[in-house]
Structure formats: C-alpha cells, structure tokens
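The values are calculated or read from the model by the stated rules, or taken from the named source; none is laboratory data. Keep in mind that what you see is a predicted model, and the values were worked out from it rather than measured. All Cβ positions, glycine included, derive from the backbone under ideal geometry; neighbour counts span all protein chains shown. Each accessible area value is taken on the protein alone, full model and side chains, heavy atoms only, with ligands, DNA and RNA left out. Shrake-Rupley method; radii C 1.70, N 1.55, O 1.52, S 1.80 Å.
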Amino acid sequence: YQSDKYYIFLILLYRDGKLINKENYKLLKKNIITKNILIDFIVNYYNKNSYPIDEIIIPEIINKSALEKNICEIFNKKIKITTNKSDKNKRLLKLAYQNAKLSYYELLNSKNIENILYGLKNILKLKNIPNNIEAFDIANISNKYIVGGMVKYINGKKEKKEYRKYNIKSTKKQNDFLSINEIIFRRYGRLINENKNIPDLIIIDGGKGQLNSAVKALNSLKIFHQPVISI
C-alpha cells in the first residue's frame with residue numbers, strides 16, 4: 001500500500017495453511033531511489049530472513065522472472081513464485097493489502113496519539129508523558145452487585161488483556177469512597193508485591209471525594225506524589 005509519503009509492505013507467513021506471523025515495514029518515499037521497489041524490498045527481506053519457505057505469493061505488478069532469479073540465488077534452491085490468479089491467492093493478497101492499508105492508518109493515528117499525550121502532559125503539568133494510564137470506576141445496581149472496574153492504556157491504545165474487575169469487599173452498600181479506596185489499594189498493593197511499575201497517570205471517575213479516597217489508599221502503600229486526577 002502506498003500513500004503520498006509512504007510505502008507500506010506487509011508480509012503474511014503461513015505454515016500448513018495457518019497464519020503464524022505478520023510483519024509490516026514502512027519506508028518514506030523520499031528515501032527510495034530504486035524503480036523496482038517491490039522486487040528490491042522482497043529480495044532484501046529474504047536476504048535478512050532466509051528461513052525455510054516453499055512458495056512466495058506476489059501481486060501481478062511484480063516482474064515474476066526477475067524476482068524468481070534473485071530468490072533462488074538466496075535460497076540456493078527452486079522457490080515457487082506465484083501471482084493472484086487463483087481464488088485462494090486473490091484472497092491472501094487482498095488480506096495482505098488490507099492489513100498494509102490498516103498499518104498505514106495506524107501510523108497516522110500513532111502520530112496523533114503522541115501529540116495528544118504530549119498535550120496531556122503539559123495540561124496536567126506532569127513530569128513525564130503519560131504513556132501508561134490506568135482508569136477506575138465503580139458500578140452498582142442500588143446497593144447490590146457493587147463492582148469496580150479498571151481499564152488500561154499503553155501509548156494511547158487500549159490494553160484489554162490488562163483490564164480488571166473487582167468485587168467490592170469493604171462495603172455491602174453503595175459507597176464510592178470506600179470502594180475506590182479498596183480497589184486502588186488492591187491494585188497497587190499487588191503491583192508493588194510483583195515489582196511492577198506504577199502507571200504514569202491514574203484516572204478516577206468521580207469528584208474530590210473519590211480522588212481523596214484514591215490518594216489515601218496510595219499513601220497507605222507509601223506511594224506519594226503519584227499523578228492522580230478525577231473526572
């Protein structure tokens with residue numbers, strides 16, 4: 001995939017019909033002097049990554065014979081080079097193209113996220129850019145089913161595998177202050193025990209009362225001067 005500034009190269013690696021790896025590379029067009037960008041990229045890629053392969057599926061726009069000669073020299077054996085003539089190959093190449101296009105938009109988005117996080121650092125007068133953010137909220141139905149939730153962002157992106165849900169134990173009734181105090185204490189007490197980093201910024205859903213409860217829990221863990229905000 002190409003934009004006005006970038007070439008995006010996407011490689012899908014299959015073993016026994018299963019996708020086992022995906023790699024993408026981004027090159028600035030202004031740094032490219034070759035006329036055969038795709039062939040040169042593929043040859044350079046396999047010069048650096050000469051793991052065993054049997055077949056390379058390429059778009060029809062590539063000079064197949066020129067590529068085949070170079071690839072066979074790298075591997076010192078015959079490598080099958082095919083294009084998108086079969087339905088299966090068309091699907092694989094379409095998938096690769098769509099992934100390459102997605103990588104490009106992720107590139108644009110990542111640059112925007114960097115600006116947002118830098119702006120957040122300045123607005124909140126933080127010492128560091130908040131690349132690691134954790135946010136907490138309390139939910140309940142009347143006085144029943146009281147739970148706490150935590151979401152995590154790394155470099156501005158959701159880190160869903162790190163999300164946590166807490167069943168509140170310190171109170172049987174709706175009490176946001178006690179609930180926030182509990183989940184903050186449990187979360188960061190655990191991180192301390194596991195020698196893991198405290199995030200750059202903690203966000204609490206609530207007002208001054210919830211914020212003070214969170215700070216109190218942190219202080220009881222001897223965590224001082226931690227950036228915490230409430231919204």
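Kindly check whether there is at least one residue in region 160-182 that is among the basic types (Lys, Arg), closer than 27 Å to Leu120 by Cβ and not in a helix (DSSP H, G or I). If you could, list the steps in order and put the result at the bottom.
Just the residues of region 160-182 that are among the basic types (Lys, Arg), to begin with: 160-161, 164-165, 169, 172-173.
Narrowing the set further to residues that are closer than 27 Å to Leu120 by Cβ leaves 160-161, 164-165.
Filter again for not in a helix (DSSP H, G or I), leaving 164-165.
Taking every residue of region 160-182 in turn, at least one turns out to be among the basic types (Lys, Arg), closer than 27 Å to Leu120 by Cβ and not in a helix (DSSP H, G or I).
Does Tyr7 meet the test of being surrounded by 15 or more Cβ atoms within 10 Å (Cβ to Cβ) and either modelled with pLDDT of 85 or more or touching a Leu at 6+ places or on another chain (Cβ under 8 Å) (or both)?
On the way: surrounded by 15 or more Cβ atoms within 10 Å (Cβ to Cβ): yes; either modelled with pLDDT of 85 or more or touching a Leu at 6+ places or on another chain (Cβ under 8 Å) (or both): yes.
Yes.
Which residue out of Ile202, Ile198 is buried (at least 16 other Cβ atoms within 10 Å of the Cβ), among the aliphatic types (A, V, I, L, M) and not in a strand (DSSP E or B)? Give the steps one after another, and end with the answer.
On the way: Ile202 fails: not in a strand (DSSP E or B).
Unique residue meeting the criteria: Ile198.
Being farther than 30 Å from Asn112 by Cβ and open to solvent by 60 Å² or more (accessible area, probe 1.4 Å) is the filter here; which residues of region 145-164 pass it? Spell out how you get there, then give the answer.
Our first condition is that a residue be farther than 30 Å from Asn112 by Cβ; within region 145-164, this holds for 145-148.
Answer for region 145-164, where residues must be farther than 30 Å from Asn112 by Cβ and open to solvent by 60 Å² or more (accessible area, probe 1.4 Å): just Tyr145.
Looking at region 83-96 only, could you name the residues that are out of contact with any helix residue (DSSP H, G or I) (no Cβ under 8 Å at 6 or more places or on another chain) and surrounded by 15 or more Cβ atoms within 10 Å (Cβ to Cβ)? Even if it seems obvious, please write down each step before you answer.
Quick first cut of region 83-96, residues out of contact with any helix residue (DSSP H, G or I) (no Cβ under 8 Å at 6 or more places or on another chain) only: 85-96.
The answer is Asn89, Leu92, Leu93, Ala96.
For region 205-231, give me each residue that is assigned to a helix (DSSP H, G or I) and either open to solvent by less than 50 Å² (accessible area, probe 1.4 Å) or among the polar types (S, T, N, Q) (or both).
Gly209, Gln210, Leu211, Asn212, Ser213, Ala214, Ala217, Leu218, Asn219, Ser220
How many of the residues making up region 10-24 are open to solvent by less than 80 Å² (accessible area, probe 1.4 Å) and more than 17 Å from Lys80 (Cα to Cα)?
Taking region 10-24 first, the residues open to solvent by less than 80 Å² (accessible area, probe 1.4 Å) are 10-14, 17, 21, 23-24.
Checking which are more than 17 Å from Lys80 (Cα to Cα) leaves us with 10, 21, 23-24.
So the answer is 4.
Within region 32-81, how many residues are open to solvent by 70 Å² or more (accessible area, probe 1.4 Å), part of a loop (DSSP other than H, G, I, E, B) and not small (Gly, Ala, Ser)?
11
Suppose we filter Arg190, Arg164 for residues that are at pLDDT 95 or above and farther than 30 Å from Lys111 by Cα; which single one remains?
Details: Arg164 fails: farther than 30 Å from Lys111 by Cα.
The conditions single out Arg190.
Going by the structure shown, is Ser142 of a type in the set (Gly, Ala, Ser), under 30 Å from Lys160 (Cβ atoms) and open to solvent by 60 Å² or more (accessible area, probe 1.4 Å)?
yes
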